[in-house]
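Structure first, then comments.
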Amino acid sequence: MQTQEFNQNLTELESRIKSISKEFGWNLENENVETHELIFKTRPSWLSWGESVKINLTQDKNKVGSVIVSVESNPEAQIFDWGKSRRNEELLINKLKGVEQ
């Protein structure tokens with residue numbers, strides 16, 4: 001799991017995540033509007049059957065305008081994913097930070 005803090009409006013950040021996930025080809029499987037949890041499914045590849053990417057957005061109570069994004073990616077239907085889950089997490093966090101890979 002990777003966690004990163006962003007100084008951005010929660011609703012705008014959630015919208016950016018949805019847009020970025022479309023660029024990656026991830027499908028939105030579940031969305032909880034009350035808890036700001038998003039669950040995406042990645043496409044299968046020759047390395048894996050696909051991963052489930054769970055994203056939680058939390059408003060930092062101590063800092064106004066600060067949102068904490070937690071990303072957790074786990075393989076579907078297999079035990080070992082050849083590092084794809086970690087790459088999914090890094091890819092999303094880096095894209096949100098504006099770092100291209």
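The values are calculated or read from the model by the stated rules, or taken from the named source; none is laboratory data. Remember, predicted model here, so these are calculated numbers, not experimental data. Glycine gets a Cβ as well: all are built from the backbone with ideal geometry, and neighbour counts include every protein chain shown.
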Exercise. Taking GLU23, is it in a loop (DSSP other than H, G, I, E, B) and out of contact with any strand residue (DSSP E or B) (no Cβ under 6 Å at 6 or more places or on another chain)?
Worked result: no
For this session: Six or more apart or on different chains, Cβ under 7 Å: which pairs go from a residue in region 1-25 that's modelled with pLDDT under 95 to one that's among the acidic types (Asp, Glu) and surrounded by 15 or more Cβ atoms within 10 Å (Cβ to Cβ)? Could you list them?
Result: MET1/GLU72; GLN2/GLU89; GLN2/GLU90
Exercise. Can you name the condition, by its number, that GLU31 falls short on among (1) at pLDDT below 90; (2) touching a strand residue (DSSP E or B) at 6+ places or on another chain (Cβ under 8 Å); (3) not small (Gly, Ala, Ser)?
Worked result: (1)
For this session: Could you check, for region 35-43, whether at least one of its residues is surrounded by fewer than 18 Cβ atoms within 10 Å (Cβ to Cβ), of a type in the set (A, V, I, L, M) and under 12 Å from the mean Cα position of the chain (by Cα)?
Result: yes
Exercise. Restricting the first residue to region 41-56 and requiring it to be free of Cβ contacts under 8 Å to residues at least 40 places away in the same chain and on the phi < 0 side of the Ramachandran plot, which pairs with a second residue that is surrounded by fewer than 14 Cβ atoms within 10 Å (Cβ to Cβ) and of a type in the set (Gly, Ala, Ser) meet a Cβ separation below 7 Å and a spacing of at least six or different chains?
Worked result: ARG43/GLY25; TRP49/ALA77
For this session: Mind listing whichever residues of region 52-101 are surrounded by 15 or more Cβ atoms within 10 Å (Cβ to Cβ), acidic (Asp, Glu) and at pLDDT below 85?
Result: GLU72, ASP81
